[in-house]
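I'd like to ask you about the structure that follows.
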Amino acid sequence: MENRNHPPEGYSIQLMSSEHFAEISRICEMVYPTERPYSDEDLAAHHSLFPEGQFVVVHEESKEVAGAHFTLLLHLSHFHLDDDWETLTAQGTFSDHDPSGHTLYGADLFVHPKHQHHGLAKMLTNATRDLVARQKLWRMVGGSRMPGYGKVSKEIAPDDYIAKVKKTELVDPVLTAHLHDGWEVVSAIRGYLPHDEESAGWAAVIQWINQECTPPPEFDISRIPKKNS
Ligand SMILES: CC(C)(COP(=O)(O)OP(=O)(O)OC[C@H]1O[C@@H](n2cnc3c(N)ncnc32)[C@H](O)[C@@H]1OP(=O)(O)O)[C@@H](O)C(=O)NCCC(=O)NCCS
């Protein structure tokens, strides 16, 4: 069995280029069946705005794209903690990318179903953390789906669900992987991906602080207001 503490063998991280676009869209159709997949135009726009923040992992033998992690830079203080994905990504265009932002926002992370459970999400997350370190950013923030929540949403409040996942009393297909990759949960939010029925419309705001560059107190994420509080 592969050693899970080492990067998976046979895969390499690359920056996204146009040759990857079609495969990325096909993976999105599989992992997000209720969402419109990225078009070539969307991906070309992300690439032109922030090429160093768009990562793919490639299966070396087949040369297939196995997964991707897309990021942009934001001043999170310009947003609400519970803003949805459309707002944080400027309707998926990434045109709100702000090169002077202190927060690397993880807009998307996905792995082709046949390549899941090989440590590729971790490999992609580590690539984004290297970017945070290189650019001396304060933190990385994302919205984690919680696709196990829909099945229990009538019985458990979202915060209690997250607490149980943290305590490993429950396993969530996405949030558990993020927690094992060193993210901390800031808050449950509603409506991040409104069509995400598996997550009952809920998500967890997650963050990772760059310990080499700790943010000053006024950047404490818990001080960012919610629009629905
Ligand atoms: C969430 C997602 C990105 C995880 O991708 P992944 O590549 O399977 O993630 P990893 O392999 O790094 O980690 C997943 C699990 O596999 C385990 N794993 C890692 N290497 C492994 C190996 N060699 N053998 C077996 N299992 C392994 C990890 O320990 C982890 O388990 P854990 O959650 O108990 O820690 C993927 O499920 C996905 O694309 N989901 C659909 C899209 C989505 O919802 N994205 C998230 C948006 S917020």
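Only the coordinates and a few stated rules stand behind these numbers; no lab work does. As the structure is a computational prediction, the values presented were derived from the model and not from experiment. Every residue, glycine among them, receives a Cβ derived from its backbone with ideal geometry; neighbour counts consider all protein chains shown.
Take each of the peptides 73-83, 142-152, average the number of other beta-carbon atoms within 10 Å over its residues, and list them starting from the highest.
142-152, 73-83
While we're here: Let a ≥ b ≥ c be the square roots of the eigenvalues of the Cα gyration tensor of segment 1-93; is it rounded (a/c under 1.5), or, if not, prolate (a/b larger than b/c) or oblate? Mind showing how you got there, number by number?
Details: a/c = 1.85, a/b = 1.53, b/c = 1.21.
In terms of gyration-tensor shape, prolate.
For every other residue with a beta carbon closer than 14 angstrom to the beta carbon of Thr71, add +1 if it is Lys or Arg and -1 if Asp or Glu, then tell me the sum.
Local net charge: -2.
Just to verify a number: FRET efficiency for Ala133 and Glu155, C-beta to C-beta distance, R0 = 30 Å, to 0.05?
E between Ala133 and Glu155, to the nearest 0.05, is 0.15.
What shape does segment 64-193 take by its C-alpha gyration tensor, where a ≥ b ≥ c are the square roots of the eigenvalues and a/c under 1.5 counts as rounded, a/b above b/c as prolate, and the rest as oblate?
The shape class here is oblate.
Also, I was wondering about something else. Once phi is turned into ³J(HN,Hα) by the Karplus curve 6.51 cos²θ - 1.76 cosθ + 1.60 with θ = phi - 60°, what whole-Hz value does each residue of segment 10-17 show in order, with x for glycine and proline?
Each residue's phi maps through the Karplus curve to give x, 10, 9, 8, 9, 7, 4, 9 Hz.
Efficiency by 1/(1 + (r/R0)^6): what FRET value for Glu61 and Asn5, r their Cβ-Cβ distance, R0 = 25 Å, to the nearest 0.05?
0.65
If r is the Cβ-Cβ distance from Lys226 to Thr34 and R0 is 22 Å, what FRET efficiency results, to the nearest 0.05?
For Lys226 and Thr34, the calculated efficiency is 0.30.
To continue, here is another question. Can you give the convex hull volume per residue for the Cα atoms of segment 61-100, as a whole number of Å³?
Taking the convex hull of the Cα positions in segment 61-100, it is 102 Å³ per residue.
In the neighborhood of Ser17, defined by Cβ-to-Cβ distances under 14 Å, what is the net charge if each Lys or Arg adds +1 and each Asp or Glu adds -1? Before the final figure, lay out each step's value.
Values: positive: Lys63; negative: Glu19, Glu23, Asp40, Glu52.
Around Ser17, the surrounding residues sum to -3.
Could you give the length gained on full extension between Arg26 and His75, defined as 0.36 nm per residue of separation minus the Cα-Cα distance, in nm?
On the way: separation 49, 0.36 × 49 = 17.64 nm, distance 3.14 nm.
Going from the current span to full extension adds 14.5 nm.
How big is the shadow of the Cα convex hull of the chain, averaged over all directions, in nm²?
Reported value for the Cα convex hull: 12.5 nm².
Taking Rh as the Kirkwood radius computed over C-alpha pairs, what is the Stokes-Einstein D of segment 154-228 at 25 °C in a medium of viscosity 0.890 mPa s, expressed in µm² per second?
In µm²/s, the coefficient rounds to 179.
Separation of segment 155-223 and segment 94-141 by C-alpha centroid, Å?
Rounded to whole Å, the Cα centres lie 15 Å apart.
Using a simple charge model, +1 on the beta-carbon of Lys and Arg, -1 on the beta-carbon of Asp and Glu, nothing else, what dipole does the chain show about its Cα centre, in debye to the nearest 20?
600 debye
Of Ala188, Ala107, Ala22, which is the most mobile in a GNM of the chain whose springs link Cα atoms less than 10 angstrom apart?
The residue with the greatest mean-square fluctuation here is Ala22.
Work out how much length Ser12 to Lys114 would gain on full extension: take 0.36 nm times their residue separation and subtract the Cα-Cα distance, in nm to one decimal.
35.1 nm
Can you work out D for segment 23-77 in µm² s⁻¹ from Stokes-Einstein, where Rh is the Kirkwood radius over C-alpha pairs, the temperature is 4 °C and the viscosity is 1.567 mPa s?
On the way: Rh = 12.5 Å.
Roughly 104 µm²/s, to the nearest whole number.
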